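In what follows, a single structure is set out as structure tokens and then discussed.
The values are calculated or read from the model by the stated rules, or taken from the named source; none is laboratory data. Only a predicted model underlies this, so the values are computations on that prediction, with no experimental measurement involved. Because the Cβ atoms are built from the backbone with ideal geometry, glycine has one as well, and the counts that use them run over all protein chains shown.
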Amino acid sequence: MSLRISVIGTGYLGAVHAACMAELGHTVVGIDVDAKKIEALSQGRSPIYEPGLTDLLTRMTETGRLSWSTDISAAADADVHFVCVGTPQRAGEYAANTDYVFAAFTALAPHMKAGSIAVGKSTVPVGTVPRVLEAIRENVPDGVDARLVWNPEFLREGFAVKDTLTPDRFVYGVEGEFADADVEKLDEVYAKALAAGTPRLVTNYATAELVKVSANAFLATKISFINAMAEICEATGGDVLALADAIGHDERIGRKFLGAGVGFGGGCLPKDIRAFLARGEELGLPDSVDFLRGVDATNLRRRERVVTLVEGALGDVAGKPIAVLGAAFKPNSDDIRDSPALDVAERLVQLGADVRVHDPEALPVARANRPGPNYVDTVDEALDGAQIVLHLTEWKQYRELDPTDVASKVAGKVVIDGRNVLDGGRWADAGFTVHSLGRPVVEAR
Ligand code: UGA
């Protein structure tokens with residue numbers, strides 16, 4: 001059955017969610033306080049780089065089922081309201097900032113009609129949802145029940161459309177007298193994926209909040225585990241790639257998310273583990289989450305390691321041209337939040353290096369938000385005369401670079417593969433000394 005849906009917050013999560021809900025046949029209005037985003041979306045343009053999103057927006061705009069507004073009252077007709085606003089790390093603290101979540105639900109509540117439900121998708125610290133419900137209760141019109149489901153989102157940037165349309169599971173956090181009716185309503189929203197067999201878990205609020213943060217904490221831990229092993233490999237002559245392959249064959253461990261390298265970044269993993277540490281303290285359970293301090297520290301040490309390798313290769317880096325390939329925190333995204341690549345680039349700028357950063361999609365957002373490095377529009381401009389090449393975000397076009405061609409452009413034949421995906425043998429054949437993270441150096445030949 002087709003429903004009327006509002007999606008509040010049209011960032012990385014909400015823009016995709018709104019378009020996907022329209023794709024499922026629902027009539028959707030996406031709402032944001034950012035007029036620029038709404039203007040772009042209204043013209044069928046995506047405010048972010050996300051594969052498949054522009055196509056989907058174009059198609060959905062043509063159906064007439066998808067519209068956009070800066071006015072929260074546009075949500076009034078909807079049966080289901082999804083809140084998809086961000087919960088970034090608070091400046092100078094580990095805790096997540098939930099102000100946008102409370103602001104969104106508080107603004108929405110007066111426009112809720114009888115029988116409609118509010119659904120939170122934002123990642124929030126455990127214990128937040130009952131307070132959100134209270135905020136809704138205080139602001140709904142007389143005679144309208146405050147109904148709230150917590151329905152965390154597990155999409156990965158770069159695969160956001162697919163992950164939203166065909167997720168690997170749904171989690172509904174429900175409580176109170178409307179719990180059964182709320183589950184039914186959300187089942188109508190996701191009817192297509194549910195009919196295809198997608199598992200759906202119904203939990204209480206606290207569990208639903210925890211599912212999201214604990215999933216991200218686990219993924220971050222897995223990456224830092226293999227990066228810690230990379231440090232041991234570096235000291236002992238081991239090869240972390242072979243190590244990951246070998247332990248990954250054990251089905252209990254699995255090979256996924258054992259990609260050693262310059263570590264995790266983005267708007268989710270780093271801030272979620274820090275928010276969990278802060279929440280653990282508040283709950284009087286710092287020991288339960290203390291391991292995440294090590295996870296964070298290991299992750300950040302990998303960025304230092306790249307800088308150390310550069311200094312090892314070049315000595316004093318002041319004034320030396322350095323090519324940095326990649327600015328986004330991962331390929332197929334223009335998201336630069338907590339990007340390891342930009343962090344490394346900025347440290348080298350601080351040391352006086354002439355750092356040229358290229359990225360296929362993230363340059364506009366990097367130029368606007370992270371001045372410092374010299375951002376260049378082509379790979380060749382980054383490579384031209386460079387004394388060292390740093391491969392820090394594994395875009396396909398970098399993996400496919402011809403090392404012989406690169407060799408003809410650079411001044412120094414040293415490459416650091418921060419993502420462990422380049423073919424070291426081919427680069428060595430082209431005259432490069434190849435440093436990877438957690439792997440033996442491959443000497444030029
Ligand atoms: C992450 C989770 O994977 C999603 O399930 C979750 O929904 C999302 O956060 C969120 O909280 O919204 P995302 O941040 O898009 O998704 O990116 P990931 O694919 O998880 O990658 C995170 C970082 O880890 C990237 O910087 C990536 O380069 C790095 N990574 C990933 C590694 O260093 N090694 C790996 O083996 C895998």
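What to note about this one:
- Among the residues of segment 421-445, those that are assigned to a strand (DSSP E or B) and either on the phi > 0 side of the Ramachandran plot or surrounded by fewer than 22 Cβ atoms within 10 Å (Cβ to Cβ) (or both) comprise Thr433, Val442.
- Put simply, of Gly385, Gly372, Gly352, Gly319 the only residue that is in contact with a helix residue (DSSP H, G or I) (Cβ under 7 Å, 6 or more places away or on another chain), part of a loop (DSSP other than H, G, I, E, B) and surrounded by fewer than 16 Cβ atoms within 10 Å (Cβ to Cβ) is Gly372.
- Just one of the numbered conditions (1) more than 13 Å from the ligand (Cβ to nearest atom); (2) over 30 Å from Thr27 (Cα atoms); (3) among the aliphatic types (A, V, I, L, M) is not true of Val213: (1).
- Among the candidates Gly238, Gly197, the residue that is surrounded by fewer than 19 Cβ atoms within 10 Å (Cβ to Cβ), at pLDDT 95 or above and under 23 Å from Asp423 (Cα atoms) is uniquely Gly238.
- The set of residues in segment 357-400 that are charged (D, E, K, R) and under 23 Å from Asp423 (Cα atoms) comprises Asp359, Asp380, Glu381, Asp384, Glu394, Lys396, Arg399, Glu400.
Results for (1) aliphatic (A, V, I, L, M); (2) touching a residue at least 60 places away in the same chain (Cβ under 8 Å); (3) farther than 12 Å from Val324 by Cβ, shown as yes or no for each residue.
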residue: Pro364; (1), (2), (3): no, no, yes
residue: Arg367; (1), (2), (3): no, no, yes
residue: Thr378; (1), (2), (3): no, no, yes
residue: Ala386; (1), (2), (3): yes, yes, no
residue: Val389; (1), (2), (3): yes, yes, no
residue: Glu394; (1), (2), (3): no, yes, yes
residue: Val406; (1), (2), (3): yes, no, yes
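- So Ser224, is it at pLDDT 95 or above, within 16 Å of the ligand (Cβ to nearest atom), buried (at least 21 other Cβ atoms within 10 Å of the Cβ) and among the hydroxyl-bearing types (Ser, Thr, Tyr): yes
- Candidate set: segment 241-261, residues that are over 24 Å from the mean Cα position of the chain (by Cα) and loosely packed, with under 14 Cβ neighbours inside 10 Å; chosen: the one nearest to the ligand (Cβ to nearest atom): Asp245
- Criterion violated by Val119 - all others in (1) without any contact (Cβ under 8 Å) to a residue 40 or more places away in the chain; (2) in contact with a helix residue (DSSP H, G or I) (Cβ under 8 Å, 6 or more places away or on another chain); (3) surrounded by 18 or more Cβ atoms within 10 Å (Cβ to Cβ); (4) not charged (D, E, K, R) satisfied: (1)
- Residue ranges of helices (runs of 4 or more DSSP H) in segment 128-223 with at least 1 members touching a strand residue (DSSP E or B) at 6+ places or on another chain (Cβ under 8 Å): 129-139, 179-189, 191-195
- Conditions (1) closer than 30 Å to Arg305 by Cα; (2) touching a Leu at 6+ places or on another chain (Cβ under 8 Å); number of the one not met by Glu153: (1)
- Residues of segment 388-420 classified as closer than 23 Å to Ala318 by Cα and part of a loop (DSSP other than H, G, I, E, B), total: 7
- Of all the criteria given as (1) aliphatic (A, V, I, L, M); (2) closer than 20 Å to Asp338 by Cβ; (3) part of a loop (DSSP other than H, G, I, E, B), the one not satisfied by Val365 is (3).
- Test: residue in segment 113-121 that is assigned to a strand (DSSP E or B), of a type outside the set (S, T, N, Q) and touching a His at 6+ places or on another chain (Cβ under 6 Å): yes
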